[in-house]
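Presented below is the structure to which this report refers.
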Amino acid sequence: MAKPTQYATSICLVLTVIALAGMIIGLLKMNPLITIILLIPTVAYEVYRTEGKSTTLASWLLLLVFAAITVLFIFNINYDLSAILGISNLNVGGYPVPLGEIRVVGPAIVAVLAAILFFRTRGVYTKWLAVVILVGSLVVIYIIAPAMFGDVLAPFLSRLRF
């Protein structure tokens, strides 16, 4: 059954403003935790809005990874996944995710899951939320590791057709 849309536009607009505020403040202070915390409501509403089997799974995975990222940043946990796993890239949903510091890989996986939601969902509100989450996760990556930003962004740009 379709989710109600009576207030969806207003909710998405408010969540977008909150997320944008988090991105701007996070960039100004170079603090990814601010961006992450202010994206949480958007991620939660994305989970609520999705309905299909694959998109529901993607949104729940998105929430799970997002929760893990939040814990990593709050407790300042960091590992080099490429050294632990012995590989430099991981394929997630057809997108190559460069491995390295776990605090960069997490937002990269969130970006991939948001892209999957954008391309696989039919709902305008879930697409809207997916774009906000995708941009927010890219901002987090930029704050953490500006040098890796281009490596993470390249697979998304290659999928766009102009």
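Every number here is computed from the coordinates shown, using simple stated rules; none is lab data. Note that this is a predicted model, so its numbers are computed, not measured. No Cβ is skipped: glycine too gets one built from the backbone with ideal geometry, and neighbour counts run over all protein chains shown.
Each peptide in 124-133, 50-59 was scored by the mean count of other Cβ atoms within 10 Å over its residues; highest first, the order is 124-133, 50-59. The phi torsions of segment 119-135, fed into the Karplus equation with coefficients 6.51, -1.76 and 1.60 and a -60° offset, translate into couplings of 7, 9, 8, 9, x, 5, 6, 5, 5, 4, 5, 4, 5, 4, 5, 4, 5 Hz, rounded to whole numbers, with Gly and Pro shown as x. For A68 and Y7, the difference between the fully extended length at 0.36 nm per residue and the C-alpha to C-alpha distance is 19.0 nm. Computed from the C-beta positions of E101 and Y48, the FRET efficiency with R₀ = 35 Å rounds to 0.70. In this structure, the amide hydrogen of N89, modeled 1.01 Å from its nitrogen in the peptide plane, lies closer than 5 angstrom to those of L99, counting only residues at least 5 positions away or on a different chain. Spacing of the modelled spin labels on L20 and A83, each 7 Å from Cα toward Cβ, amounts to 4.1 nm.
Helix 8-29 and the longest principal axis of the Cα set of the chain meet at an angle near 20°.
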